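Heads up, the thing below is written out as structure tokens.
Computed from the coordinates by the stated procedures, all read-outs in this text should not be read as laboratory data. This one's a predicted model, so the numbers in the text were calculated from it and none came from an experiment. Backbone-built Cβ (ideal geometry, glycine too); neighbour counts: all protein chains shown.
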Amino acid sequence: MTVELWQQGELLTSTRLTLIDAGAEGVAWATPMPVDLPAPESCQPVVPPNRVAHFERVDGRLDPATIPFTGGDQARIAGWFRPLEPRPIDAAWLAMASDWFPPPAFVRIDPPTGGISVDLTTHIHRPIADLGDDWLAGTFEIAESAGGLAVEHGRITTADGLVVAESFHTRLTATR
């Protein structure tokens, strides 16, 4: 399914959903990924920036080793997060969550550069009916920025490493 938003004859944005019938059968397996994060209580709470509503829907904690604007040598943001209110961790919430963390480039470079979205693809592996009081782990990394573009790879897992969603986010990291 493709949805396009046009205004005054100009395409502003497009969205593509690839869906499969919930009754489809196929081979399934899962290999948990190591969660390399300090405990949530040892991480820094995320204070929502003004006028960014989706930050206000999540209890989030950043790994102190991946704080934005610290001049780190890796473009990596990681931490723990969960909804503020009980709700299913469904495709809509996971799509939002794949863009919830600050851009990883912010760890290496200062604004106003480093985080403009060009394209975001989120692969939903599995919804979670009830997260309870558990946390999800999020890790978002950029290995290289070339010509002002970088591809961020994100992974959202359960606390024990089961992958819930992955994202591939092309970002503009140019300085002008």
ask   = GNM on the chain, C-alpha springs below 10 Å: top fluctuator among Gly79, Gly138, Gly26?
value = Gly26
remark   = the stretch 76-123: spread of alpha-carbon positions along the three principal axes, whole Å, largest first, is 35, 22, 15
ask   = Which of Phe140, Phe101, Phe69 moves the most in a Gaussian network model of the chain with Cα springs under 10 Å?
value = Phe69
key: the stretch 32-172, dipole about Cα centre (Lys/Arg Cβ +1, Asp/Glu Cβ -1), debye to the nearest 20   = 260
ask   = Looking at the stretch 41-100 from every direction and averaging, what is the projected area of its Cα convex hull in nm²?
value = 4.7
key: Residues Arg51 and His125, FRET efficiency given R0 of 30 Å [Cβ-Cβ distance, rounded to 0.05]   = 0.45
task = Rank by packing, highest mean first: peptides 27-34, 115-122, 103-110, 166-173, with packing defined as the count of other Cβ atoms within 10 Å averaged across residues.
result = 103-110, 166-173, 115-122, 27-34
note = Percent antiparallel among DSSP beta bridges confined to the chain, rounded to 5, stands at 100
message = Taking loop as defined by DSSP and a crowding limit of 16 other beta carbons within 10 Å, which trypsin sites (Lys or Arg not before Pro) in the stretch 35-65 fit?
response = Arg51
